[in-house]
1. Length gain on complete extension for the stretch ARG474 to ASP196, per 0.36 nm per residue less the alpha carbon to alpha carbon distance?
2. Quick one: check the C-alpha center-to-center distance for the range 473-541 versus the range 228-254, whole angstrom.
3. Averaging over every viewing direction, what projected area does the convex hull of the Cα atoms of the range 418-569 cover, in nm²?
4. What does the charge count near GLN471 come to, summing +1 for each Lys or Arg and -1 for each Asp or Glu among other residues with Cβ under 15 Å from its Cβ?
5. Under a point spin-label approximation (7 Å from Cα along Cα-to-Cβ), what is the ALA150-VAL440 distance to one decimal in nm?
6. Nearest 20 debye, what's the magnitude of the dipole of the range 99-405 about its Cα centre given +1 on Lys and Arg Cβ and -1 on Asp and Glu Cβ?
7. Could you give the length gained by full extension between ALA518 and SER137, i.e. 0.36 nm per residue of separation minus their alpha carbon distance, to one decimal place?
8. Report, in debye and to the nearest 20, how large the dipole of the range 423-567 comes out about its Cα centre when Lys and Arg carry +1 and Asp and Glu carry -1 on their Cβ.
Amino acid sequence: STVNSPSTPIIIPSSPLQTSFIPKTSQLSIFKKKKPFNFASKKLVSCKASDRNQNNADSSSLNRFDRRDILLGLGGLYGATNLVSDPFASAAPIAAPDLSLCENSTVTSSSSGTSISVSCCPPKATNIIDFKPPRFSNIRLRPAAHLVDANYLEKFTKAMELMKALPDDDPRSFKQQANVHCAYCNGAYDHVGFPDKQLQIHFSWLFFPFHRFYLYFYEGYWGNPTSPLYDEKRNVDHQPPKMLDLDYAGTEELLSKRDQIKSNLSVMYRQMVTYKTPSLFHGAAYRAGDNPSPGMGSVENNPHTAVHRWVGDKREPFSEDMGNFYSAGRDPLFYAHHCNVDRLWNIWKLLLGKKRTDFTDTDWLDSSFLFYDDNANLVRVKVRDCLNSRTLGYDYQKVNIPWLKNKPTPRRPGRGSGSGSAMAAETNTKTVIRNAFPIVLDKLVRIEVPRTKKSRTKVEKENEEEVLVLQNIRVDRDVAVKFDVYINDEDDETPTEPEDSEFVGSFTNIPHNHHNPAVKLDTNLTLPLSDLLEDLDIERDDNIVVTLVPKEGKGLVSIGNIKIDFVRD
Ligand code: C2O
């Protein structure tokens, strides 16, 4: 078979994590279309390079022209035709890595100080094929994990067996598959032409497309032991019937099942519904020559990280398997987890809101990765080829979406009404700081942040999202981190939970490494505020009070600055 005719009929279950909620009535009002899941009725995204002229406003930036020149100087990478046909296009997409320059990664444990060197480099290939979307006659539906039947499980088991039986150096073996993730996430590659810039496909706009392709190629040749989803290296405290915690911060919270469900659904609502623009959802722009990790999008940050951390085995030195990027792909659950994440990308674009679309920036669309296909050919893929999962021949089984009805609510309704900042300032005069950056997060910190624009017009509100930006969040890459961000939350007596509107979001890090362990993660976090300001009735306030609460990795994180900004993408 060839890439164009995927041979395996087996498909990945999309979500081991969906508990069997039974939402009652229609939740459709929040969707763009009346029939929210009629993917077939949406036009397929063209896979041809037709979006080339739709650059972002800043595409003429001198900086990027410089980079483009450097890249062209490398010869053949992008092809001169690109320049000739569209001289004003930006051209700094992240190029597929040069496999011959792949380096070992050092994985260190900050708690024990031990480190290991892991080689995640793939087998070399002399020939690279450019990806062509597959031809197929039927869209395959990836089933929800809780709806998988015996027949399906049998096929899945068989496939896992076959994959594990392949020799380790076969690029299609289970081991090599796990290595692909390790290499792209643990610093094995640099940007082509920028030997000092590590390639990292997390913490940026590459997160969704990379993982979509990763699953796509994995699906070609799958695999698993007696229970096909079994992996030894998992947190023993989190076996069934323990319920997953999407707000997980490394310690057990003693919530009732009911409260845990409520908390999880609120996290989902916040991360899916309040993030309304491409950069808020996907993450920050990341171009050739950029420093890695400019900033995560909503779902990558949460619940994606929480699931990795919750599943990873605390007895293992580096929280293997799921709790560290270098080993995550060794757990079969990884693929199911990422299917669920991938499914959320499809759903997000169907929610109401004119900006719930993918980027049209060609640096994103033309960014590329390399994967081995089911014939062991090395294939170069571009982001633009994966925007619609149906182009790749699959979609997800339709299930109800209970989180759509779980909008967080203010803790003390009405307390804001016009006096929000006055109250906040009064209650917090002793603890609120103003200019103390960089802040080391070793305890709860309250900071007053000025708002530059109040009473925005309706049109302004539609066109720009007011956001809270935490800049230069610095932390060792190999430590697990979670801190929470609240606004105008003055009550220290009862903990703030995801079901409260005041809970704006969290910052999370999954341990992952770099070939130079001394290089810290240096990233940003952008959290949408517009809806929350309205819900809390503090839209006319001069300042907001931001509370930062370290939950995991206390004292190990510093923050360079916090400001209010506006996102217009
Ligand atoms: Cu590449 Cu869930 O991580």
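1. On the way: separation 278, 0.36 × 278 = 100.08 nm, distance 1.88 nm.
Roughly 98.2 nm would be gained on extension.
2. 22 Å
3. On the way: hull surface 38.3 nm².
Averaging across all directions leaves 9.6 nm² for the Cα convex hull.
4. On the way: positive: ARG474, LYS520, LYS563; negative: ASP522, ASP565.
Around GLN471, the charge tally is +1.
5. Spacing of the two 7 Å Cα→Cβ label points: 6.1 nm.
6. Working: 36 positive and 35 negative charges, 249 e Å.
Its charge dipole is roughly 1200 debye.
7. On the way: separation 381, 0.36 × 381 = 137.16 nm, distance 5.06 nm.
Answer, rounded to one decimal: 132.1 nm.
8. 880 debye
FYI, it's all coordinate maths here, none of it is from the lab. None of these values were measured; they are calculated from a predicted model. Cβ: placed from backbone, ideal geometry, glycine included. Neighbour counts: every protein chain shown.
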